[in-house]
Amino acid sequence: MKILGIETSCDETAAAVVQDESNLDKRILSNIIHSQITEHEPYGGVVPEIAARAHLFYLENIIKRALKEADTSLDDIDAIAVTAGPGLIGGVLVGVMTAKAMAMGLQKPFIAVNHLEAHALTPRLSHNIEFPYLLLLASGGHCQFLEVLGVGNYRLLGSTIDDAAGEAFDKIAKLMDLDYPGGPAMERAAINGDIHRFPLPRPLKGREGCDLSFAGLKTAARLVIEKQQPLSAQDIADMSASFQHAVAECLSERMQNAIKMTKLPIKHFVVSGGVAANQTIRQHLQNVAIGNTLEFIAPPLRLCTDNAAMIAWVGIEKLKLGLTDDLNFAPRPRWPL
Ligand code: KG4
Ligand code: ZN
């Protein structure tokens, strides 16, 4: 089975071909990503209208490249899978309309994919793990602990009550005039920083449950940054290190509670989404997993941040279960798991 996946929900225009044969390995035959970073950088964040136009401009070529690199013709594709939400509606529409037109023209199944489900199921593509597992999904817009029971079957254990972790990184990085997106820029800056220089709070620490909160941490960091103006390179490095360390400690402390809360016979703790690319955060989470005799799984970096291989993979999971969608499926800018 070979699926073409398309991703246009934020600022990556991406297409991929993923194959799954019963007697062969799951294989990513191609995974093409055009990042729109340079288009949005001057504004310090994603501008939805610019993103939608850029997707329209790049997508056709990205799909052609994905097929070429996979050495696959459209006839060999079994279905077209596309992110149909949640995300910026202009971009989502570009992807969905393209996928629908292809599905109709080729007379192949159309599969509408929830972007969050794609992050959640990525470890089954990268590491072949079985259901159920415990997941921390930490991206630019979402931060939640979930029990992953099966395709389309998730139970929310806790979630952020204000900002997502990625969003907090992006906002603090912007205050320090770091490159967009903020998370990777702060991780780079933190290499030369002192985690103890700026004491920052650990919101919700010691509270029951596994909800998360980053607004207080963000405000505390903002106040320090405002007081410290003008910032030296060392100030930026120290703030990045202190902030990254605080986020890692918040996530790992709440993760301990999430593990206590689940009654499932889980073997794996998985982290996925863009924030999972952060090495300090991975290390903290891994320590908690090992302390609870769970295997820690983090997909490779290129599968953590937005990509179309994860979308194609959900297409495979759903097609195997006979789950395809109607061509009148309406894109969903908000679409909780
Ligand atoms: O999953 P993703 O690529 O897109 C969404 O679905 O949101 O996540 C993007 C988020 C951004 O907020 C970005 O700053 C953050 O993930 N991120 C990171 C790192 N790489 C990406 N945060 C911290 N450290 C990183 N290395
Ligand atoms: Zn994402």
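A few notes on this one:
- Placing unit charges on the Cβ atoms only, positive for Lys and Arg and negative for Asp and Glu, gives the range 192-337 a dipole magnitude near 280 debye about its Cα centre.
- With every protein chain in place, the chain: carbon and sulfur % of accessible area (1.4 Å): 52
- Short to long, the 20 Å bins of the Cα pair-distance histogram for the chain hold 32, 56, 12, 0 percent of all pairs.
- Value of [θ]222 nm, deg cm²/dmol, for the chain, DSSP H segments ≥ 4, -39500 (n - 2.57) each, nearest 500: -14000 deg cm²/dmol
- The alpha carbon convex hull volume per residue for the range 151-245 rounds to 111 Å³.
- Over the range 214-275: Rg over Rh, Cα atoms, Kirkwood Rh: 1.15
- Beta bridges per DSSP, both residues in the chain: antiparallel share near 60 percent.
- Measuring nothing but alpha carbons in the range 129-298 and taking Rh as the Kirkwood radius, the Rg to Rh ratio lands at 0.99.
- For the chain, the solvent-accessible area with a 1.4 angstrom probe is 43 square angstrom per residue.
- Of the beta bridges in the range 39-197, as assigned by DSSP with both residues counted there, near 70 percent are antiparallel.
- If R0 is 25 Å, the Cβ-Cβ spacing of ASP71 and LEU149 corresponds to a FRET efficiency of close to 0.10.
- Using alpha-carbon coordinates, inclination of helix 48-69 to the longest axis of the chain, degrees: 60
- Angle between the chain longest axis and helix 309-320 axis [Cα atoms, degrees, rounded to 10]: 50
- The residue list ALA54, LEU135, MET1 was ranked by how far each Cα lies along the charge dipole of the chain toward its positive end, using unit charges on Cβ atoms, and LEU135 comes out on top.
- With a cut-off of 13 Å on the backbone N, the residues of the range 84-102 near the modelled label site 7 Å out from LEU327 along Cα-Cβ are 97-102.
- Euclidean distance of C-alpha centroids, the range 117-133 and the range 7-21, integer Å: 16
- What you get for the range 179-241, charging only the Cβ of Lys and Arg (+1) and of Asp and Glu (-1), is a dipole of about 180 debye around the Cα centre.
- Net charge of neighbours whose Cβ lies under 11 Å from the Cβ of LYS263, counting Lys and Arg as +1 and Asp and Glu as -1: +1
- Charge dipole (debye, nearest 20) of the chain; +1 at Cβ of Lys and Arg, -1 at Cβ of Asp and Glu: 600
- Of interest is the spacing of the C-alpha centroids, which for the range 248-317 and the range 37-94 amounts to 26 Å.
The values are calculated or read from the model by the stated rules, or taken from the named source; none is laboratory data. Treat the numbers as computed from the prediction; the structure is a model and nothing was measured. FYI the Cβ positions are ideal-geometry reconstructions off the backbone, even for glycines, and counts take in every protein chain you see. Only protein heavy atoms, including side chains, enter the accessible area calculation; ligands, DNA and RNA are left aside. Shrake-Rupley method; radii C 1.70, N 1.55, O 1.52, S 1.80 Å.
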